[in-house]
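Engineer: If you scroll down you'll find the structure; I have some questions about it.
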Amino acid sequence: MNDTIKQARLQNKMKNPVVALVLGFVIPGAGQMYAGSVMWGVINLLLIIVCAITVIASPVAFILYLVSLFFGYKGCVKYNEKLLDAEEAKEATA
């Protein structure tokens with residue numbers, strides 16, 4: 001198969017970390033869900049909602065929100081690294 005086609009297919013499979021940040025900014029936990037950690041994204045979303053409702057825990061909700069953004073970004077980066085490693089392993093065996 002042509003290298004350009006392989007590269008285009010690989011780029012289509014990769015996830016954009018900036019999209020994860022934007023999704024996580026709009027909806028807490030959505031960046032983690034986009035990165036593939038759906039369970040942790042939902043848990044994070046529920047924790048932030050519960051903490052934000054209780055006035056006392058609002059600073060905790062903000063910290064969880066920032067952590068959610070970070071893990072969404074890092075999750076996409078790790079996903080892309082695994083994808084690239086798998087592709088390199090395929091090329092090495094071929």
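The values are calculated or read from the model by the stated rules, or taken from the named source; none is laboratory data. Since the model is a prediction, treat every value here as computed from it, not as a measurement. Glycine also receives a Cβ, built like all others from the backbone with ideal geometry; neighbour counts cover every protein chain displayed. Just so you know, the surface numbers come from the protein's heavy atoms only, side chains and all, with ligands and any DNA or RNA stripped out. Shrake-Rupley method; radii C 1.70, N 1.55, O 1.52, S 1.80 Å.
Engineer: Under a 1.4 Å probe, what is the accessible area of the chain per residue, stated in Å²?
Structural biologist: Accessible area per residue: 70 Å².
Engineer: Mind pulling the per residue volume of the convex hull built on the Cα atoms of the chain? Å³ is fine.
Structural biologist: 76 Å³
Engineer: Could you give the length gained by full extension between ALA86 and VAL18, i.e. 0.36 nm per residue of separation minus their alpha carbon distance, to one decimal place?
Structural biologist: So the chain would gain 22.2 nm between ALA86 and VAL18.
Engineer: If you roll a 1.4 angstrom probe over the protein chains with everything in place, what fraction of the accessible area of the chain belongs to carbon and sulfur, to the nearest %?
Structural biologist: 71 percent
Engineer: Right, another one. Ranked from highest to lowest mean number of other Cβ atoms within 10 Å per residue, what is the order of the peptides 4-11, 30-37, 79-86?
Structural biologist: 30-37, 79-86, 4-11
Engineer: How much length would be gained if the chain were fully extended between VAL77 and ALA52, taking 0.36 nm per residue of separation minus their Cα-Cα distance, in nm to one decimal?
Structural biologist: 6.1 nm
Engineer: State, as an integer percentage, the relative contact order of the chain based on alpha-carbon contacts under 8 Å between residues 6 or more apart.
Structural biologist: Relative contact order for the chain comes out at 33 percent.
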